[in-house]
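Here the structure is laid out as structure tokens; the discussion comes afterwards.
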Amino acid sequence: MGGKYEVPTSTFPYKISRRIQCLSLPRRYYMDSYEGSMPQYTKSGTRQSALTGRIVDKSNDMAWPSIRRLLILKRMYKNRFSQERLEKIDRMIEASNGTVYSKMANCTIDLKKMDARDLKKKKGWTDTDWKRKMEYISQIAEPKKVFQPPPVKRGKSMPLEALMPRIEEMSVPPSSKCYKRMSQEAWYRNPLKVSPHALKYVLTDRMKKLATARAVPAGD
């Protein structure tokens, strides 16, 4: 069988088209060579250009950690790190404090005041301090005072028998108001009905003169 179908074999005795046979073959993988314009990498996966490149001042300033992180690091490991390592952290704080990014973020600190604060030694409490602290502790250790609310001022009391007439009067449901039509009210006037006085009205000469239409000149 030729044409568009593959010849059955002993390992695959089925009729299959050549297109499906070509698609079923595994792809060939090509290894990229680092020659020419392709970037070169080291064995650890770092670009070779990153190791041999020149660091500008902007990138160097951006690489410094924030001052807050360095201060937290120094405070946490102050009693664990050696003096040499603490001095290195101080130099890092000074370098990070002098960058333009710290000034733009408004997070710069005064290193002179910081050094003076670190040089201060903590002094122990004197007898006067102990006495004052213990007085305050004994004061706050007392049970809390419960302040009762003041009594409510009420008016004169009356017996229930004297209030029963008013209670019975208020317990009766109010009578509902009966609404009438406007035509059933005494003050209603029918707008379609002509008043009898209007039928007996006599038109005067003055009213006739006012009712006559004015003659409009031809020029207007």
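Every read-out reported here was derived from the displayed coordinates using simple, explicitly stated rules and does not represent laboratory data. Remember, predicted model here, so these are calculated numbers, not experimental data. Because the Cβ atoms are built from the backbone with ideal geometry, glycine has one as well, and the counts that use them run over all protein chains shown.
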### Among 188, 97, 70 - extreme Cα towards positive end, dipole of the chain, charges at beta-carbon
188
### Query
Local charge sum around residue 3 (other residues, Cβ-Cβ under 14 Å, Lys/Arg +1, Asp/Glu -1)?
+3
### Query
If you take all C-alpha pairs in the range 59-119, what percent of them are over 14 Å apart?
57
### Query
So how tilted is helix 127-140 from the main axis of the chain? Cα-based, degrees 0 to 90, rounded to 10.
40
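For the range 59-119, what relative contact order do you get, as a whole percent, if you take Cα pairs closer than 8 Å and at least 6 residues apart? Don't skip to the answer; put the middle values down first.
Numbers: 31 pairs, mean separation 24.8, N = 61.
Across the range 59-119, relative contact order equals 41 percent.
Return the calculated 222 nm mean residue ellipticity for the chain, to the nearest 500 deg cm²/dmol, obtained by summing -39500 (n - 2.57) across DSSP H runs with n ≥ 4 and dividing by the residue count.
Taken over the chain, the calculation gives -12000 deg cm²/dmol.
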### Query
Which far-off residues, 5 or more places away or on another chain, put their amide H under 5 Å from the one on residue 41, with H placed in the peptide plane?
48
### At most 12 other Cβ within 10 Å, DSSP loop - trypsin sites (Lys or Arg not before Pro), the range 157-220
177, 180, 181, 189, 193, 200, 214
### Task
Quick one: dipole size for the chain, taken about the Cα centre, charges +1 on Lys/Arg Cβ and -1 on Asp/Glu Cβ, in debye to the nearest 20.
400
### Message
Just to be sure I understand the model, the point goes 7 Å from the Cα along the line to the Cβ. What's the resulting residue 42 to residue 104 distance in nm?
### Response
3.0
### Task
Please list, in chain and number order, the residues 5+ apart from residue 6 or on another chain whose amide H is under 5 Å from its amide H, with Hs placed from the backbone.
16, 17, 18
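Give the residue list of GluC sites (Glu not before Pro) in the range 129-189 that are DSSP loop and have at most 13 other beta-carbon atoms within 10 angstrom. All intermediate terms of the calculation are to be shown ahead of the outcome.
Details: sites: 135, 161, 168, 169, 185; in loops: 185.
For GluC sites (Glu not before Pro) across the range 129-189 that sit outside H, G, I, E and B with at most 13 neighbouring Cβ atoms in 10 Å, the list reads 185.
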## Note on the structure
Per the charge dipole of the range 59-119 (beta-carbon charges, Lys/Arg positive, Asp/Glu negative, Cα centre), the residue among 60, 79, 106 reaching farthest to the positive end is 79
### Query
Quick one: Karplus J couplings for the range 162-174, per residue in order, coefficients 6.51, -1.76, 1.60, θ = phi - 60°, nearest Hz, x for Gly and Pro?
6, 8, 4, x, 5, 5, 5, 5, 6, 7, 6, x, x
### Summary
With label points set 7 Å from each Cα along the Cα-to-Cβ direction at residue 63 and residue 164, the distance between them in nm comes to 10.1
### residue 22-residue 209 pseudo-label distance in nm [points 7 Å out on the Cα-to-Cβ vector]
11.7
### Label assignment, Cα Rg over 2.2 N^0.38 Å derived from the structure, set (i) 3.12; (ii) 0.96; (iii) 1.35
(i)
